[in-house]
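What follows is a short report on a single structure.
The values are calculated or read from the model by the stated rules, or taken from the named source; none is laboratory data. Predicted model only: the values in this text are computed from it and were never measured. Using ideal geometry, Cβ is built from the backbone for each residue, glycine included, and neighbour counts are taken over all protein chains shown. These area figures cover heavy atoms from the full protein model, side chains too; ligands, DNA and RNA do not enter into them. Shrake-Rupley method; radii C 1.70, N 1.55, O 1.52, S 1.80 Å.
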Amino acid sequence: MSTVLEESPPLELVAADPGDHVSLRKLLSLALPTILQMSSYLFMQFVDTLMLGQVGDLHATAAANSGMITWSCMAPGMGTLALVTTLVSQSLGRQHLTACGQYLRAGMLVAIAYGLLLWPLAIATPTLVKYLPHSVELSGLEGRCIRICLMLAFLKLLQSALSGFLMGIQRPRMVSVSAIIGVGANLVAAWALIFGHWGFPAMGAVGGAWALNIGCLVELLVLAYAVFGPSAGTMYQTRGFLAPWSRTRELVRLGIPSGLQWLGDISAWTVFTVMVVGHFGDTAMAAHTYTFRYMQTSFMPAFGIGSAITSLVGQSIGAGKKLLARKWVLTGLAVVMAYMVVCGIIFATIPHLLISAFTTDPKVVEIGCKLMIIAGLFQLCDALFVIYSSALRGAGDTLFPAVAAMLLGWGLIVGLGYATAILRPEWGPAGVWMIALCYGCSLGALLVWRWYGTAWEKISVAE
């Protein structure tokens, strides 16, 4: 591992002159390892869902719903920690190497503090899920899975802080290595705990929850080796626990709006899943679960490119090169658009084959095929959202996207979606998914408008 780390020297400035053309190779070299890391958690969930589909649709649905609810609870912390990349990259652009390590330690403090705040909620979860409009068996499985994931949420939060630091200093190789090792650990653990091999009891969805967190722990340990090892540890002074209050305050000040954006988007989708789609019964939720797994799988590689854009935009702005920041955004948009158009075509043309990989229930397959076509159209909206929200985050403009995601998410996905489910039940799950498509188009358009304004150019961070 030390060889991998030593081969990633501190980044030179993005370009010598604002007029220089951006490099697609540079973008991809930074993004590809990040794609692996960003995708690892959801890839673990995807593979676990495939395994759980063999146990039964009920276990697969419980695991998916618990994952969504857990992500909603973690969203404020995860969104706040996404600013570690911005602050570290802008500090690197100014050649303030010590500040990079200070922002890392600030992120670790935030991760641990927020993880502890989730413990009381984890304890209360089995009681709270009884109020969901789900069957007793389904809600029981959900409560047990959510409790496990919330108690161990600090592992994923710490992982986010460490990987954000490595992305900020543009040393992504260990991010890639950690993702691969973590996914491998999850696969082995899931096989043993879900099906009951090697003397373990067959735990189904609960086993999947434990396996997911085993993968996260292994991934975190590999990242810690890279961050606190001899190279980065000395150059950026990462070793230690406490951080200057000014750095922690800056991270929280800029990160809270980003956290609210994550909360608004993820919580709206969670309520949409468990309440709006749940209104149509367990069969509809199973079809929604499998469709959403494909959407998440297509989204996370794009999100990895977006994370690279956040780092490159942040460093460009830190070096005083705002024109170059705009060029990076256009390059990233072209890459993500091309990728997501291909995903959309696949979703819309072979939905039966894709849904059948999870289940043999003909009713679930029938509903899922309709949802996959809408999911194919959603890919273009996701491309706009990923790139322009990432670009605004790199510039430190986090409040506007947060407000837009919160208002549109709860107004359209939850409010109008629930009204449609009640007033037009004959439209079925496809009807409420069309409302979600309107949300995606509206949010993407707003973020494009924001980026091509000038408000973000007046924001200054990491002074």
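Step by step: first the residues of segment 341-376, then only those that are over 21 Å from Thr273 (Cβ atoms) and outside any helix (DSSP H, G or I), then the one that is modelled with the lowest pLDDT. Which residue is that?
In this case the residue turns out to be Thr360.
With respect to Val365, determine if the residue is out of contact with any Pro (no Cβ under 7 Å at 6 or more places or on another chain), of a type outside the set (D, E, K, R), touching a residue at least 12 places away in the same chain (Cβ under 8 Å) and under 23 Å from Trp262 (Cα atoms).
When the stated conditions are applied, Val365 does not pass them.
Is it the case that segment 321-338 has a residue that's within 17 Å of Trp433 (Cα to Cα) and over 24 Å from the mean Cα position of the chain (by Cα)?
No; the residues of segment 321-338 include none that is within 17 Å of Trp433 (Cα to Cα) and over 24 Å from the mean Cα position of the chain (by Cα).
Give the residue, chosen from Leu407, Leu384, Leu423, that is within 19 Å of the chain's Cα centre (by Cα) and open to solvent by 40 Å² or more (accessible area, probe 1.4 Å).
Leu384 is the lone residue from the list that is within 19 Å of the chain's Cα centre (by Cα) and open to solvent by 40 Å² or more (accessible area, probe 1.4 Å).
Specify which of the listed residues (Gly207, Gly164, Gly182) is surrounded by 21 or more Cβ atoms within 10 Å (Cβ to Cβ), without any contact (Cβ under 8 Å) to a residue 40 or more places away in the chain and part of a helix (DSSP H, G or I).
Gly207 is the lone residue from the list that is surrounded by 21 or more Cβ atoms within 10 Å (Cβ to Cβ), without any contact (Cβ under 8 Å) to a residue 40 or more places away in the chain and part of a helix (DSSP H, G or I).
Considering Gly368, Gly428, which residue is on the phi > 0 side of the Ramachandran plot, open to solvent by less than 40 Å² (accessible area, probe 1.4 Å) and in contact with a helix residue (DSSP H, G or I) (Cβ under 9 Å, 6 or more places away or on another chain)?
Answer to the selection: Gly428.
Identify all residues within segment 115-138 that are open to solvent by less than 50 Å² (accessible area, probe 1.4 Å) and in a helix (DSSP H, G or I); write none if there are none.
Answer for segment 115-138, where residues must be open to solvent by less than 50 Å² (accessible area, probe 1.4 Å) and in a helix (DSSP H, G or I): Gly115, Ala122, Ala124, Thr125, Pro126, Val129, Leu138.
Show the residue pairs meeting these rules: Cβ distance below 7 Å; 6+ apart or different chains; first residue within segment 405-430 and over 19 Å from Ala75 (Cβ atoms); second residue open to solvent by 60 Å² or more (accessible area, probe 1.4 Å).
What qualifies is Tyr418/Met275; Thr420/Trp427; Ala421/His279; Ala430/Lys370.
Please go through (1) within 22 Å of the chain's Cα centre (by Cα); (2) of a type outside the set (D, E, K, R); (3) open to solvent by 10 Å² or more (accessible area, probe 1.4 Å) for Gln379 and return the number of the only condition it doesn't satisfy.
The failed condition is (3).
State yes or no: is Thr349 under 14 Å from Ile373 (Cα atoms) and among the polar types (S, T, N, Q)?
So Thr349 fits the description; yes.
If you check Leu223 against the conditions, is it open to solvent by less than 20 Å² (accessible area, probe 1.4 Å), of a type in the set (A, V, I, L, M), over 30 Å from Phe378 (Cα atoms) and in contact with a helix residue (DSSP H, G or I) (Cβ under 9 Å, 6 or more places away or on another chain)?
Answer is yes for this residue.
Within segment 248-261, identify whether any single residue is within 25 Å of the chain's Cα centre (by Cα), acidic (Asp, Glu) and at pLDDT 80 or above, and answer yes or no.
yes
When the residues of segment 91-113 are filtered to those that are part of a helix (DSSP H, G or I) and free of Cβ contacts under 8 Å to residues at least 60 places away in the same chain, which remaining residue is least open to solvent (accessible area, probe 1.4 Å)?
Within segment 91-113, the match that is least open to solvent (accessible area, probe 1.4 Å) is Ala111.
Give the number of residues within segment 29-49 that are open to solvent by less than 60 Å² (accessible area, probe 1.4 Å), at pLDDT 70 or above and out of contact with any Lys or Arg (no Cβ under 8 Å at 6 or more places or on another chain).
The qualifying residues number 5.
Looking at segment 57-82 only, could you name the residues that are open to solvent by 20 Å² or more (accessible area, probe 1.4 Å) and of a type outside the set (A, V, I, L, M)?
If the condition is that a residue be open to solvent by 20 Å² or more (accessible area, probe 1.4 Å) and of a type outside the set (A, V, I, L, M), then Asp57, His59, Trp71, Cys73, Pro76 are the ones that fit.
With respect to Ala190, determine if the residue is closer than 17 Å to Val222 by Cα, assigned to a helix (DSSP H, G or I), touching a residue at least 60 places away in the same chain (Cβ under 8 Å) and open to solvent by less than 10 Å² (accessible area, probe 1.4 Å).
So Ala190 fails the test.
Restricting attention to segment 272-291, which residues are open to solvent by 20 Å² or more (accessible area, probe 1.4 Å) and modelled with pLDDT of 85 or more?
Phe280, Thr283
From the list Leu263, Leu251, which residue is assigned to a helix (DSSP H, G or I) and open to solvent by 20 Å² or more (accessible area, probe 1.4 Å)?
Matching residue, one of Leu263, Leu251: Leu263.
For the list (1) within 24 Å of Leu193 (Cβ to Cβ); (2) modelled with pLDDT under 90, I need the number of the one condition that Leu152 fails.
Among (1) within 24 Å of Leu193 (Cβ to Cβ); (2) modelled with pLDDT under 90, Leu152 violates only (2).
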